[in-house]
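Just so you know, all these numbers are worked out from the coordinates, no wet-lab data involved. If you're wondering where the values come from, they're calculated on a predicted model, not measured in any experiment. As a convention, Cβ positions derive from the backbone with ideal geometry for all residues, glycine included, and neighbour counts pool all protein chains shown.
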Amino acid sequence: KWVDWEIAYSLKEITREDRASRTNGIVGVVMKYGGSYDWLVSISAKDDGCSVRTIDDSKLYKIINKNRYNLKDNTYACEHCKTYSQLDGSYISLIDEEDFIEDPNKYIENAYEKCVKADGFELSKER
């Protein structure tokens, strides 16, 4: 019930007395359900051999969807397929649970780097 509120709050810059918060980096960890991620994630192969990871956006909070594929300079991981990098193409990256557990520092550092360069993303801070 409060997840979307927490995400919105994390993205805002809030001043209290003489202190101000910055926009936080956010990592979305996709949990396995029934032994797989297919409740949210599907993988398909393109004709050119590229593999595409697709997220069922209908199962995500609006604020998460608004902060995905929002890199200002539209840098594609594959120019041919016009696909984004899973880590760098969205302010909020969605990472499979097993990948996150294997190397949490990689994904936390990636989120931190994006918060430092937040002006490179079209951020939506409202739910």
To the nearest 20 debye, the chain has a Cα-centred charge dipole, built from +1 on Lys and Arg Cβ and -1 on Asp and Glu Cβ, of 540
Whole-Hz Karplus couplings 3J(HN,Hα) for the range 52-66, θ = phi - 60° and coefficients 6.51, -1.76, 1.60, Gly and Pro as x, run 10, 9, 10, 9, 7, 4, 5, 9, 10, 5, 4, 5, 5, 4, 5
Here the net charge surrounding ALA118, from other residues whose Cβ is less than 13 Å away from its Cβ (Lys, Arg +1; Asp, Glu -1), is +2
Counting Lys and Arg as +1 and Asp and Glu as -1 over every other residue whose Cβ sits under 9 Å from the Cβ of SER21, the net charge comes to +3
The range 14-67 and the range 69-127 have their Cα centres apart by a whole-number Å value of 9
In nm, the gap between the two label points placed 7 Å beyond Cα toward Cβ at ILE43 and GLU13 is 3.9
So, with points 7 Å from each Cα along the Cβ direction, the TYR69-TYR112 label distance in nm works out to 3.1
Dividing the mean separation of Cα pairs under 8 Å (6+ apart) by the residue count of the chain yields a relative contact order in percent of 31
So, for the Cα atoms of the range 5-127, Rg and Dmax in Å stand at 15.4, 57
In degrees, nearest 10, the alpha-carbon axis of helix 104-116 is tilted away from the dominant principal axis of the alpha carbons of the chain by 60
